[in-house]
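Student: So that we are looking at the same thing, I have put the structure below in structure tokens.
The values are calculated or read from the model by the stated rules, or taken from the named source; none is laboratory data. Because the structure is a prediction, the values reported are computed rather than measured. Cβ atoms come from the backbone with ideal geometry, glycine included; neighbour counts cover every protein chain shown. Ligands, DNA and RNA are stripped out before the accessible areas are found, and what is left, the full protein with its side chains, is counted by its heavy atoms. Shrake-Rupley method; radii C 1.70, N 1.55, O 1.52, S 1.80 Å.
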Amino acid sequence: MYVCGDNADVVSSNFTENKNSAAVYSVANNTSIDSSRFEENVAGAIQFNGASDFNVDGTKFIKNEVASALNIQNSNGTVANSEFRQNDGASAIAITNSNGVDVTDSTFEGNQANSGSADISVTGSSDILLETLTVTNSHGATSSIYIDSDVTMDDINMSGWSSSPAVLFDGGNSTMMNSALDGNNAIKITGDE
């Protein structure tokens with residue numbers, strides 16, 4: 001589904017086994033995806049590219065492959081009350097060159113990435129909020145969460161990761177507070193040399 005007109009709503013819809021490109025690709029403003037399910041899509045589930053004020057709420061991303069389940073580029077908006085389970089190939093959520101993205105009240109479980117992070121990757125972005133997230137049993141090549149941008153992380157609960165570390169801060173100005181990371185090699189901080 002290619003969304004190029006503003007103010008589009010996708011509600012209570014299922015997207016299964018789509019191939020070759022994201023099941024939903026949006027360049028529109030005010031795109032809302034609510035109470036939907038994306039399962040076993042190849043090349044990603046949703047991609048926002050240049051979209052402003054998108055909203056993803058109460059949506060499930062399960063067993064999507066190859067690309068990120070949710071790919072956010074040059075966009076701003078909100079992801080809330082959603083589930084990311086057993087996605088494989090790239091970060092469940094990739095946020096790139098974006099300003100003003102909130103990911104809240106969501107669950108990440110059993111995601112895997114052969115390169116990069118398993119659950120969330122934030123690069124070249126600012127004003128990003130990750131809040132009230134539960135992350136369990138993930139395996140990424142570099143980490144479960146990768147940050148090289150300005151990110152606020154609040155109330156992040158992580159356990160069962162097999163990546164080392166769970167969170168990799170690789171630049172930017174980030175804050176983590178009120179969080180619990182249960183395991184060894186929880187955080188690694190690197191930066192510009």
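Student: Once amide H atoms are placed 1.01 Å from N in the peptide plane, what residues at a sequence separation of 5 or more from Gly140, or on another chain, have their amide H within under 5 Å of its amide H?
Tutor: Placed amide hydrogens put Ala113, Ala118, Ser162, Ser163 under 5 Å from Gly140.
Student: At a 1.4 Å probe radius, carbon and sulfur cover how many percent of the accessible area of the chain? Each step should come with its number before you reach the end.
Tutor: Working: 3100 of 8150 Å².
Ligands and nucleic acids excluded, carbon and sulfur give 38 percent.
Student: Something else now. Working out 0.36 nm times the residue gap between Asp34 and Glu83, then minus their Cα-Cα distance, what length gain in nm do you get to one decimal?
Tutor: Details: separation 49, 0.36 × 49 = 17.64 nm, distance 1.23 nm.
Length gained between Asp34 and Glu83: 16.4 nm.
Student: Pull up the cross-link candidates among the aspartates and glutamates for Lys63, meaning alpha carbon to alpha carbon under 15 Å and not fewer than 8 places away within one chain.
Tutor: Partners within reach: Glu17, Glu39, Glu40, Glu83, Asp88, Glu109, Asp119.
Student: Taking one equal scatterer on every alpha-carbon of the chain, how large is log10 of I(q)/I(0) by Debye at q = 0.11 1/Å?
Tutor: Here the Debye-derived log intensity ratios amount to -0.41.
Student: Could you do me a favour and compute the accessible area per residue for the chain, 1.4 Å probe, result in Å²?
Tutor: Values: 8150 Å² over 193 residues.
That works out to 42 Å² per residue.
Student: When ranked by the protection proxy of mean other Cβ atoms within 10 Å per residue, highest first, what sequence do the peptides 95-104, 176-185, 155-164 form?
Tutor: Values: 95-104: 19.8, 176-185: 13.3, 155-164: 17.9.
In descending order of packing, they fall as 95-104, 155-164, 176-185.
Student: Moving to a separate point now. When the Cα centres of region 157-174 and region 1-60 are compared, how far apart do they sit, in Å?
Tutor: The two parts, judged by their Cα centres, are 27 Å apart.
Student: Same structure again: How large is ³J(HN,Hα), in whole Hz, for each residue of region 168-185 in order, when computed from phi with the Karplus curve 6.51 cos²θ - 1.76 cosθ + 1.60 and θ = phi - 60°, using x for Gly and Pro?
Tutor: Values, residue by residue: 10, 8, 10, x, x, 10, 10, 10, 10, 8, 6, 10, 10, 10, 9, x, 7, 6 Hz.
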